[in-house]
Structure formats: C-alpha cells, structure tokens
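A short worksheet on the structure shown next.
The values are calculated or read from the model by the stated rules, or taken from the named source; none is laboratory data. Note that the structure is predicted; figures quoted are calculated from it, not measured. Heads up, the Cβs are rebuilt from the backbone with ideal geometry, glycines too, and the neighbour counts pull from every protein chain shown.
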Amino acid sequence: MPLQLRFWKTQDQSVILNWRNHQETRKNSLNRKKIQKAKHATWFHSVLTNPKRHLGFLAYNCKKQKIGVVRFSRRKKGQTWEIHFIVAPKNRGHGLAQGMIQKAIKKIKKRLPNTYLTAKVKLTNPKSLHILESLGFKKTKTKNGIRHLRLCDRSKTESKIEKVAKKK
C-alpha cells in the first residue's frame with residue numbers, strides 16, 4: 001500500500017502520545033520515561049506553531065489509517081535537523097518505516113534543500129540503525145550506547161533513496 005504524508009494536525013496529538021508512550025517505543029527511545037499528557041500538549045503545540053524549529057509528518061495509507069510519524073527538529077542554528085520516527089505499534093514489522101522515512105526526507109529536502117540530517121539511535125535498536133543506514137546515514141560517533149549518524153553526501157543520498165523507491 002502506498003504511503004502518504006501530511007503535516008501534523010491538532011487532532012493527531014493523542015495518538016502520537018499513545019504511540020510514544022507504548023512500552024516498545026519507550027524501550028527504544030533515548031528518553032524511556034512515560035510522557036505526561038500536559039507536558040506532551042505543550043511540546044506538541046510548539047511543534048505545530050514553530051516550523052522553523054520542528055517539522056512533523058504523519059504517514060497514512062490509502063485507507064487513511066495512521067501508520068506512523070516522522071519528525072525533524074532543528075539542532076543548531078543553520079541547516080542541521082535531527083530525525084525522529086515512530087511506527088504505530090500495530091504496524092511494526094511490516095517494512096513500513098523505510099518508506100515513511102524516505103518520503104519525509106524527500107519532503108524536507110524539497111522544503112529546505114541545504115539541510116543536513118542527523119540521527120541518534122541506541123545500539124540496542126538494530127532495526128532503526130539498519131533502516132537509517134540503508135538510506136545513507138553514516139556513523140559519526142558512538143557514545144554511551146548511542147550511535148550518532150549523519151546524512152552527509154546529498155547526491156548519494158538522493159540516488160540511494162531513488163533506488164530503494166524503485167525496488168518497492
């Protein structure tokens with residue numbers, strides 16, 4: 001099923017919180033604590049109202065079922081953004097993350113062409129590491145059990161994304 005992306009909307013807040021607080025998500029998250037509803041609401045509002053700092057995309061299928069989310073957060077002044085993603089618990093293990101992330105990368109590159117993308121992934125989360133590496137992310141360092149990755153060569157990245165897209 002082809003995936004589509006759209007920007008987050010206010011009505012996505014509770015489903016994203018539920019996905020974020022799911023036991024498996026927390027296990028693989030850099031912050032394993034359960035997020036409280038009020039704190040999430042404040043944070044979510046900042047994502048919706050500050051596109052120069054955050055961009056959130058919701059992935060859905062042709063039946064309009066929500067599949068997962070990809071969020072980009074600006075890390076420093078300039079064009080470095082960190083990618084974060086969650087696949088809805090019921091959709092895990094179906095190979096949807098790569099396509100979802102692929103589309104989100106294309107969207108951010110179109111919107112912000114000189115963007116550098118980074119990611120941080122726990123070494124105990126090999127699936128996410130594999131997905132990002134298959135899209136061209138390269139290790140920059142490993143510290144305290146966390147792999148830091150960066151998408152450096154834009155031309156290679158674009159061609160890798162195109163190759164992966166053609167396979168599907």
Taking Trp81, is it in contact with a strand residue (DSSP E or B) (Cβ under 7 Å, 6 or more places away or on another chain) and not in a helix (DSSP H, G or I)? yes
Per the list (1) of a type outside the set (S, T, N, Q); (2) modelled with pLDDT under 90; (3) surrounded by 14 or more Cβ atoms within 10 Å (Cβ to Cβ), residue check on Ile131 breaks on (2)
Lys39 fails exactly one of (1) free of Cβ contacts under 8 Å to residues at least 24 places away in the same chain; (2) touching a Ser or Thr at 6+ places or on another chain (Cβ under 9 Å); (3) not hydroxyl-bearing (Ser, Thr, Tyr), namely (2)
Among (1) within 16 Å of Pro51 (Cβ to Cβ); (2) touching a helix residue (DSSP H, G or I) at 6+ places or on another chain (Cβ under 8 Å), Ser73 falls short only on (2)
Do we find that Gln102 is surrounded by fewer than 17 Cβ atoms within 10 Å (Cβ to Cβ) and modelled with pLDDT of 90 or more in this structure? no
Within region 96-139, the count of residues that are farther than 18 Å from Val70 by Cα, part of a strand (DSSP E or B) and either in contact (Cβ under 8 Å) with a residue 12 or more places away in the chain or out of contact with any Leu (no Cβ under 9 Å at 6 or more places or on another chain) (or both) comes to 1
Is there a residue in region 82-93 that is hydrophobic (A, V, I, L, M, F, W, C) and more than 10 Å from the chain's Cα centre (by Cα)? yes
So, first residue part of a loop (DSSP other than H, G, I, E, B) in region 4-24, second residue among the small types (Gly, Ala, Ser), Cβ within less than 7 Å, six or more apart or across chains; the pairs are Trp8/Gly56
Checked region 25-50 for anything under 16 Å from His84 (Cβ atoms), in a helix (DSSP H, G or I) and not aromatic (Phe, Trp, Tyr); matches are Thr25, Arg26, Lys27, Asn28, His40, Ser46, Val47, Leu48
The lone condition Ile86 fails out of (1) under 12 Å from Arg20 (Cβ atoms); (2) hydrophobic (A, V, I, L, M, F, W, C); (3) loosely packed, with under 15 Cβ neighbours inside 10 Å is (3)
Condition set free of Cβ contacts under 8 Å to residues at least 40 places away in the same chain and under 15 Å from the mean Cα position of the chain (by Cα), scope region 45-59, selection surrounded by the fewest Cβ atoms within 10 Å (Cβ to Cβ): answer is Arg53
